[in-house]
1. So for the pair residue 72, residue 27, with labels modelled 7 Å out along Cα→Cβ, what separation do we get in nm?
2. For the residue pair residue 79 and residue 53, what label-to-label distance in nm results when each label sits 7 Å from Cα along the Cα-to-beta-carbon direction?
3. Relative to the present Cα-Cα distance, how much length would full extension add between residue 92 and residue 18 at 0.36 nm per residue of separation?
4. In the chain, if the dipole is taken from +1 on Lys/Arg beta carbons and -1 on Asp/Glu beta carbons about the Cα centre, which of 67, 93, 11 is farthest to the positive end?
5. Is there a quick way to get the dipole size of the chain? I mean about its Cα centre, with the Cβ of Lys and Arg at +1 and of Asp and Glu at -1; what is the value in debye to the nearest 20?
6. Can you compute the equivalent ellipsoid semi-axes for the chain, i.e. the square root of 5 times each eigenvalue of the Cα gyration tensor, sorted largest first and rounded to whole Å?
Amino acid sequence: MVDSPGNRISPVPVEVGRANLHDVRVRWDDRHESLFPARDLRLLCPCAVCVSEDTGERILVPTQVPVGVQPLRIEAVGRYAIQVFWSDGHSSGIYSFDYLMENCPCPLCRRPVSPGNS
């Protein structure tokens, strides 16, 4: 999506919800779809409990997140993010739409950039 020549606007979700018991699906207005495995998304939590505010270093210990963690509830935060209430009791993370798009796990978004393919 472009607002003027050369200025790309980030896609906006048209639907956010659970894809199944464990996964979170985001459908974007550019027809792209992101399917986040629940535990992977939980491990990406950007909150101050999971990421050091001083260093930006991830401090969440992956072994402390249950393998079967799942979203219990997903709520919109304004017009820019979602908040996920997880089955492990965590809910302080605010996942901005830009952050979700930057971390989209689909093969198209995760393809390696090679010389001449940037």
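1. Rounded to a tenth, the inter-label distance reads 2.8 nm.
2. Computed distance between label sites residue 79 and residue 53 equals 2.9 nm.
3. The span from residue 92 to residue 18 would gain 24.8 nm if fully extended.
4. 67
5. So the dipole magnitude of the chain works out to roughly 340 debye.
6. Each semi-axis is √(5λ); the values are 25, 17, 15 Å.
Every number here is computed from the coordinates shown, using simple stated rules; none is lab data. All values reported here derive from a predicted model rather than from experimental measurement. Don't worry about glycine lacking a Cβ; one is built from the backbone with ideal geometry, like all the others, and counts go over all protein chains shown.
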